[in-house]
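Okay, so here's the structure we're looking at.
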Amino acid sequence: MQNNGTQELVEKECAKQGRLVLLRHGQTAWSVSGQHTGRTDLPLTEVGVEQAKEAGARLQCAFTKGFDEDCVLVSPLRRAQQTAQFAGFTSYTICDSALEWDYGAAEGRTRGDIAALSGVEAWDVWKHGPKVLPSHMVSDAKEVLPSGEAVDVHRTSGESLQEVSDRTQKIIDMAMPKLKLGKDVLVVAHAHVLRILTARWLGVNPEFARLLRMDTAHYSVLGEYKGDNVIVHWNC
């Protein structure tokens with residue numbers, strides 16, 4: 001039986017594990033239009049830039065000690081890097097595993113577009129995944145954004161939900177040594193990959209991620225409580 005002093009020491013040691021903080025990028029033209037935005041390298045809108053700055057201020061208030069330079073992991077896509085920079089995190093590590101879900105033939109298309117082109121009624125990325133879409137939809141394109149910028153849209157066969165889930169384990173593996181040292185780790189990335197990472201953290205079916213709403217430029221916090229991986233805060 002542990003005495004009070006030993007119990008306090010155990011609780012102190014458990015409390016030392018850092019927190020995994022997930023920040024979704026700010027608004028893009030396609031987050032407004034409802035087009036599936038996976039690997040297409042979109043910039044933030046002006047609204048997205050302001051959202052990123054506001055998110056940085058909220059994070060500064062919530063995490064007064066900040067984040068060590070080696071504890072900021074950012075998706076290589078422009079919208080995530082811009083979000084990190086405008087939020088005040090100018091030194092970071094590019095994390096390829098934090099790329100958004102590869103939506104395959106759904107890339108750059110709305111759900112209505114996809115239903116019309118594929119014949120799959122009420123297609124849903126969570127239920128059906130990109131791989132069920134017909135091969136004739138796998139075609140590259142260019143699209144002009146409302147800002148006038150042209151972006152390349154590359155369409156592949158896409159990733160399954162399980163493949164994305166397995167990929168997010170690499171992010172957790174990168175973060176865990178730092179978390180065990182008591183450091184907080186910030187991941188700046190995309191809505192779906194961060195939601196799927198959360199399901200992976202919790203050890204539940206990746207389909208659970210669809211129930212987790214994550215708004216643009218909002219952050220969530222994952223941690224440990226009494227030996228279990230938990231959600232500490234969500235969509236802040």
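Looking at the range 195-231 only, could you name the residues that are farther than 30 Å from Val47 by Cα and either among the basic types (Lys, Arg) or part of a strand (DSSP E or B) (or both)?
Arg200, Gly223, Glu224, Tyr225, Lys226, Asp228, Asn229, Val230
Of all residues in the range 184-236, which are of a type in the set (Gly, Ala, Ser) and either at positive phi or in contact with a His (Cβ under 8 Å, 6 or more places away or on another chain) (or both)?
Answer for the range 184-236, where residues must be of a type in the set (Gly, Ala, Ser) and either at positive phi or in contact with a His (Cβ under 8 Å, 6 or more places away or on another chain) (or both): Ala189, Gly203, Ala209, Ala217, Ser220, Gly227.
Can you pull out every residue in the range 117-131 that is closer than 13 Å to Ala105 by Cβ and under 20 Å from the mean Cα position of the chain (by Cα)?
Matches in the range 117-131: Val125, Gly129, Pro130.
So is Glu163 in contact (Cβ under 8 Å) with a residue 40 or more places away in the chain and open to solvent by 30 Å² or more (accessible area, probe 1.4 Å) or not?
no
Take the range 173-223 and flag every residue that is β-branched (Val, Ile, Thr) and open to solvent by 10 Å² or more (accessible area, probe 1.4 Å).
Hits for the range 173-223 are Val204, Thr216.
Being of a type in the set (Gly, Ala, Ser) and touching a strand residue (DSSP E or B) at 6+ places or on another chain (Cβ under 9 Å) is the filter; apply it to the range 161-198 and report the residue that is farthest from Ser220 (Cα to Cα).
Ala175
Answer with yes or no whether Val204 is under 30 Å from Lys53 (Cβ atoms) and at pLDDT 95 or above.
No, not satisfied.
The values are calculated or read from the model by the stated rules, or taken from the named source; none is laboratory data. Worth saying up front: this structure is predicted, and the values here are computed from it rather than measured. For neighbour counting, all protein chains shown are included, and Cβ atoms are generated from backbone atoms with ideal geometry for every residue, glycine included. Side chains included, ligands, DNA and RNA excluded: accessible areas come from the protein's heavy atoms. Shrake-Rupley method; radii C 1.70, N 1.55, O 1.52, S 1.80 Å.
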